[in-house]
Amino acid sequence: MTIRFSSRTIRSTCVLCVAGLLTLMPAAAAARAVRPDPGVSGGPRATAPPPSLLYRSGTQVRLRPGAPEVPYVSALAWVVADAGSGEVLAAHDAHRRLPPASTLKTLFALTVLPVLPGGLSHRVSTEELSDIGPGSSLVGVVEGRSYRVSDLWNGVFLNSGNDAVHVLASLVGGWNTTAARMQAEARALGAHDTYVRSPDGYDAPGQVSSAYDLAVFGRAGLRNPDFARYCSRIDAMFPDGDGDSYGIMNTNRLLTGADGVEPYPGLIGIKNGYTSNAGNTLVAAARRDGRTLVVTVLNPQEGGGYAVYEEARSLLDWGFDAAGRVDPVGSLEPGGVRPRPGPEAPPSTVAAEPAPDEPGWPETGSILGAAGLGAGAVALVLRFKAGRRQRG
């Protein structure tokens, strides 16, 4: 059967198609005009944070007009960061891998403190005090004597006692197990420069950390009440081998004011260190006007053995003075530690926006809707015509 259409029928169908298009094209244009910015729920377009500068060599800082200049520091690497926000205010070779000395005990404490009750008492064996490196700092742990875990932590934080570290490590699985746990803890915190070989920080081949990682450990430690209490303690009593006790004092001179080093106002701690390979190292934190800063200083090249404290002092002074007058150069948060693709590359986009001369999805849907309306009109005409022929 052949169906023929009159010119009048064809003209009517075309009119219906055009009417459909004219009806829906303004809606398509309106949809294009109000299309939201991808990823933005109303409001202006979001501004991406500036890329991290922490993987660059040299001193990195973003000074606003009127901000104080960063002081000269001779250390091989250093970091100044806000403990609350995690923003790094300035840094020098933040990710340079260097021997950490006893500042690595911050990571040891982060790993072991949560799993050992402070009131637990333990009798020390000969094996637990074996293999302590020659020349290690010691608090005076004696084999056969019982110590509370809290006493041993005083020995770690105040006297930097490697003997206390060895005993505590034995209580959580041994030396190698503790090193592996510390390594896992570092990665969980976003610290990728740290490789643990000796949990007490004693020089060992391949053992390194960075000013950045140590700042991460110091900041995380301050969130643990036990850690914060131990690292800020100036002195304590430590049991001797005869059932008595003796006084020990924190070796962080910026905290105690010993040896002619003026104590820093508002200092919280955290941990100092020294080995012949690492030089003098320090993780320090101080609080002023409701703000807490964390500073790390690794191996000053000038000024003698106490220069690490004076350089930390100058960085803390600068950090408090520069508050609100610098833009961060990076972050201590785990999500913000990996380098961006390129020196100043913007973040990659999740989905591309249609080009200006290409129809977007709202326009495409409207046009397809118009076409569908026209097709529907043609189908109605065909059906109506076919029905008339069948009935005739």
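The values are calculated or read from the model by the stated rules, or taken from the named source; none is laboratory data. Everything quoted here is computed from the prediction, not taken from an experiment. Backbone-built Cβ (ideal geometry, glycine too); neighbour counts: all protein chains shown. We work out accessible area using only protein heavy atoms, side chains counted, and drop any ligands, DNA or RNA first. Shrake-Rupley method; radii C 1.70, N 1.55, O 1.52, S 1.80 Å.
A few notes on this one:
- Within the range 190-245, the set of residues being farther than 20 Å from LEU113 by Cα, within 23 Å of the chain's Cα centre (by Cα) and in a loop (DSSP other than H, G, I, E, B) comprises HIS192, ASP193, GLN207, SER210.
- Residue within the range 55-62 that is among the aliphatic types (A, V, I, L, M), in contact with a Leu (Cβ under 7 Å, 6 or more places away or on another chain) and farther than 26 Å from GLN183 by Cβ present: no
- So SER130, is it crowded, with 17+ Cβ neighbours inside 10 Å, among the small types (Gly, Ala, Ser) and out of contact with any strand residue (DSSP E or B) (no Cβ under 8 Å at 6 or more places or on another chain): no
- If the condition is being open to solvent by less than 10 Å² (accessible area, probe 1.4 Å) and out of contact with any Pro (no Cβ under 6 Å at 6 or more places or on another chain), then the range 166-178 contributes VAL167, LEU168.
- Only listed residue being more than 25 Å from THR59 (Cα to Cα), of a type outside the set (Phe, Trp, Tyr), in contact (Cβ under 8 Å) with a residue 12 or more places away in the chain and buried (at least 20 other Cβ atoms within 10 Å of the Cβ), chosen from ARG233, ARG181, ARG219, ARG197: ARG181
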